[in-house]
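The values are calculated or read from the model by the stated rules, or taken from the named source; none is laboratory data. Keep in mind the model is a prediction, meaning the values are calculated, not measured. Every residue, glycine among them, receives a Cβ derived from its backbone with ideal geometry; neighbour counts consider all protein chains shown.
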Amino acid sequence: MIKWLVSLLGLFVVLVGFLLTETIDLEYPNHFPEPVYDFSNNKLTEQKVKLGKALFYDPILSLDGSISCASCHSPYNAFAHTDHDLSHGIDDKIGIRNAPPLFNLAWQNLFMWDGAINHLDMQALAPITSPSEMGDSLLNVISKLESSNKYRTLFDEAFGDSTITGQRLLLSISQFQLTLVSGNSKYDKIREGLDTFSTQEKKGYDIFIASCSSCHSEPLFTNGDFASNGLEIDSTLMDYGRGSITKIKSDSLLFKIPSLRNLAYTKPYMHDGRFEKLREVLNHYTDDVVNYGRENSSSRLEKNLKLSNNDKSDILSFLKTLNDQDFVFNKKHRER
Amino acid sequence: MKSSLVILFTAISLMLSAQSLRSISVSFIPVYKGELFELNDEVDNYDITISKLKFYLSNIGLSSSDKGDWIEKDSYHLLDFDEPKGMTIMLQIPENLAANSLNFNLGVDSLTNVSGAMSGDLDPMHGMYWAWQSGYINFKIEGKSDKCPGRKNKFQFHLGGFLAPFNAMQKVSLPIIIKDEIYVVFDIGELIESVDVSKVYEIMSPKAKAVSMAQEAASLFKIVE
């Protein structure tokens, strides 16, 4: 009899444990495609997201304890960095690139402007570690976390025991970032049939579809590929983008096609943050497209786009419908 | 109740023993021009000190030309010369396996390279993963030599890369006779001489030189008869 009770109790404990770490589904709008992130290897749970969020906001992750992920990816800027000067970054390379906003990462295959990183889980290694001592400093971060009661508890809640490994750390940071879904802009509401474009927005939308959507395709406003939009290479940076990663000539000067959601919060624009205003971006597309005559022309804008000043105003008015206030002001994504 | 448990237990253990297994060890012994050496001590008669030697072996298997292959499940091993037990791999093989070659990959396959954060030997905390450009370091050797013009006379070879044309992983196949303890030597001295540290002393990213050095490394494994 007692044995039965004990096993019943055991079953109960297991069940409760199971319920406590119940997996949650990523919420996203109906008009989004299926995520590309493989959740079967990293099932979302409240506890892991909570741990990931704590880590994201904690300078304990940087070698000298001075900066956190949020120092460069601010929630108030759709997790981009509006301060152009990145010189206090950790790696030389970081100083030449603009910190991109972070949202809809579950739909992204390659990360960084040049796609150097092939999985969201592995991205956090780049900022956490200095390049030369990489493994050692990840171990160092782990040992800092191990000596913190707060983190031992958080890891315990998330994983069922308080062991801290590189994998657990990375999976949790991914989990928090995966929950950063931006899909509640006016555009999205229109897609769901809850709102309508103004006349000007509609005109802008039509021009956008004709001129821009081959690269910035709906509904994420990027097709996830790499392209050249004809930016002149900055001779002080000599950044060849994708080409320096694949070492393939025809990839030279290609950069990740960024989403155009939340542009109101994410200036400056382009991989090197060269433009402060969206008007400048549009002027680039009509006046300054450089054709370096390189291979792989299908990924390259080869000549200026023809857009009148009115067209530009219409596009700008459409782009505003992609700003997702609910996302930027969502308290759930903030530190507390 | 009790008796049914007993029956279940014996059934399971019978099933397990039917597939009876044999445990063998494969030990890797680095040498320098044929001589044993230690980390962080100058190698006798050579102006060279090795400070780090770590590499991945994966997909370890045994095969014979007429019978099929046996391949270890989830076969990823990080070997570290700095760890006392770090250079020996235990394999649980079928008792009656007849095989005449030992096969493994030097490095990590490309699928694993794109599959996110892994655990165990593949956990990036072991320092065998590049931060700024995703990918495992398949083979890492560091040290110093007066011949080396680099900073503090140091050389660092981090060989890796999983994308064509710079896929650095190498297949190795060695003729063996199965026994309880198998020993494999590989001559680090040959590897270092093949690159000439007075000219090449730093390989830190996927490139043609990394591939050719990985090929050289893979060719150095020899079974101790």
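Tell me, which residue of region B:179-219 that is in contact (Cβ under 8 Å) with a residue 60 or more places away in the chain and aromatic (Phe, Trp, Tyr) is surrounded by the fewest Cβ atoms within 10 Å (Cβ to Cβ)?
In this case the residue turns out to be B:Tyr183.
Search region B:113-126 for residues that are touching a residue at least 12 places away in the same chain (Cβ under 8 Å) and of a type in the set (Asp, Glu) and pair each with any residue that is crowded, with 23+ Cβ neighbours inside 10 Å and assigned to a loop (DSSP other than H, G, I, E, B) when their beta-carbon atoms are under 9 Å apart and the residues are at least 6 apart or on different chains.
B:Asp121/B:Met128
Residue check: is B:Asn103 within 11 Å of chain A (Cβ to nearest Cβ), touching a Leu at 6+ places or on another chain (Cβ under 9 Å), surrounded by 15 or more Cβ atoms within 10 Å (Cβ to Cβ) and polar (S, T, N, Q)?
Judged against the criteria, B:Asn103 is not a match.
Against the definition (in a helix (DSSP H, G or I), more than 7 Å from chain B (Cβ to nearest Cβ) and modelled with pLDDT under 85), how does A:Gly95 come out, yes or no?
When the stated conditions are applied, A:Gly95 passes them.
Determine whether A:Leu171 is within 14 Å of another protein chain (Cβ to nearest Cβ) and farther than 22 Å from A:Ser40 by Cβ. First the steps, then the outcome.
Details: within 14 Å of another protein chain (Cβ to nearest Cβ): yes; farther than 22 Å from A:Ser40 by Cβ: no.
Considered against the rule, which asks whether it is within 14 Å of another protein chain (Cβ to nearest Cβ) and farther than 22 Å from A:Ser40 by Cβ, A:Leu171 comes out as no.
A:Tyr151 fails exactly one of the following numbered conditions: (1) buried (at least 21 other Cβ atoms within 10 Å of the Cβ); (2) within 14 Å of another protein chain (Cβ to nearest Cβ); (3) not charged (D, E, K, R). What is the number of that condition?
Every condition holds for A:Tyr151 apart from (2).
Quick one: is B:Ala214 part of a loop (DSSP other than H, G, I, E, B) and either touching a strand residue (DSSP E or B) at 6+ places or on another chain (Cβ under 6 Å) or closer than 17 Å to B:Leu79 by Cα (or both)?
No.
Give the residue, chosen from A:Phe226, A:Phe197, A:Phe208, that is of a type in the set (Phe, Trp, Tyr) and within 23 Å of A:Ile245 (Cβ to Cβ).
After applying the criteria, what remains is A:Phe226.
Exactly one condition in (1) buried (at least 18 other Cβ atoms within 10 Å of the Cβ); (2) touching a strand residue (DSSP E or B) at 6+ places or on another chain (Cβ under 7 Å) is not met by B:Pro124; state its number.
Tallying (1) buried (at least 18 other Cβ atoms within 10 Å of the Cβ); (2) touching a strand residue (DSSP E or B) at 6+ places or on another chain (Cβ under 7 Å), B:Pro124 fails exactly one: (2).
With respect to A:Ser137, is the statement that it is modelled with pLDDT under 90, away from every other protein chain (no Cβ under 13 Å), more than 28 Å from A:Pro33 (Cα to Cα) and part of a helix (DSSP H, G or I) true?
When the stated conditions are applied, A:Ser137 does not pass them.
Out of the residues in region A:260-302 meeting the condition of being among the hydroxyl-bearing types (Ser, Thr, Tyr) and at pLDDT below 90, tell me which one is farthest from A:Lys186 (Cα to Cα).
Applying the first criterion (among the hydroxyl-bearing types (Ser, Thr, Tyr)) to region A:260-302 yields A:265-266, A:269, A:285-286, A:292, A:297-299.
Within this subset, residues satisfying the condition of being at pLDDT below 90 are A:292, A:297-299.
Numbers: A:Tyr292: 38, A:Ser297: 34, A:Ser298: 32, A:Ser299: 30 Å.
Among those residues, the one meeting the criterion is A:Tyr292.
Every residue in region B:118-167 that is of a type in the set (A, V, I, L, M, F, W, C) and either on the phi > 0 side of the Ramachandran plot or within 13 Å of chain A (Cβ to nearest Cβ) (or both), please.
B:Met118, B:Leu122, B:Met125, B:Met128, B:Trp130, B:Ala131, B:Trp132, B:Ile137, B:Phe162, B:Leu163, B:Ala164, B:Phe166
For region A:318-336, what are the residues that are in a loop (DSSP other than H, G, I, E, B) and either acidic (Asp, Glu) or touching an Asp or Glu at 6+ places or on another chain (Cβ under 8 Å) (or both)?
A:Thr321, A:Asp324, A:Glu335
Please verify whether region B:141-156 includes one or more residues that are of a type outside the set (Asp, Glu), under 14 Å from the mean Cα position of the chain (by Cα) and buried (at least 20 other Cβ atoms within 10 Å of the Cβ).
Taking every residue of region B:141-156 in turn, at least one turns out to be of a type outside the set (Asp, Glu), under 14 Å from the mean Cα position of the chain (by Cα) and buried (at least 20 other Cβ atoms within 10 Å of the Cβ).
What is the residue count in region A:284-317 for residues that are under 22 Å from A:Ser250 (Cβ atoms), part of a loop (DSSP other than H, G, I, E, B) and not small (Gly, Ala, Ser)?
Here the count works out to 10.
Identify all residues within region B:43-71 that are among the polar types (S, T, N, Q), closer than 24 Å to B:Glu202 by Cβ and at pLDDT below 90; write none if there are none. Don't jump to the end; show me each part of the working.
To start, the set of residues in region B:43-71 that are among the polar types (S, T, N, Q) comprises B:45, B:49, B:51, B:58-59, B:63-65.
From what's left, closer than 24 Å to B:Glu202 by Cβ: B:49, B:51.
None; the set is empty.
Mind listing just one residue for me: the one in region B:72-122 that is charged (D, E, K, R) and under 22 Å from B:Ile141 (Cα atoms) and, of those, modelled with the lowest pLDDT?
The selected residue is B:Lys85.
Please go through region B:38-62 and give me each residue that is over 18 Å from the mean Cα position of the chain (by Cα) and in contact (Cβ under 8 Å) with a residue 40 or more places away in the chain, ordered by number.
Within region B:38-62, B:Val43, B:Tyr46, B:Asp47, B:Ile48, B:Thr49 meet the criteria.
Among A:Phe208, A:Phe197, A:Phe226, A:Phe159, which is the only one that is under 17 Å from A:Gln108 (Cα atoms) and either buried (at least 16 other Cβ atoms within 10 Å of the Cβ) or of a type outside the set (Ser, Thr, Tyr) (or both)?
Details: A:Phe208 fails: under 17 Å from A:Gln108 (Cα atoms); A:Phe197 fails: under 17 Å from A:Gln108 (Cα atoms); A:Phe159 fails: under 17 Å from A:Gln108 (Cα atoms).
On inspection, the qualifying residue turns out to be A:Phe226.
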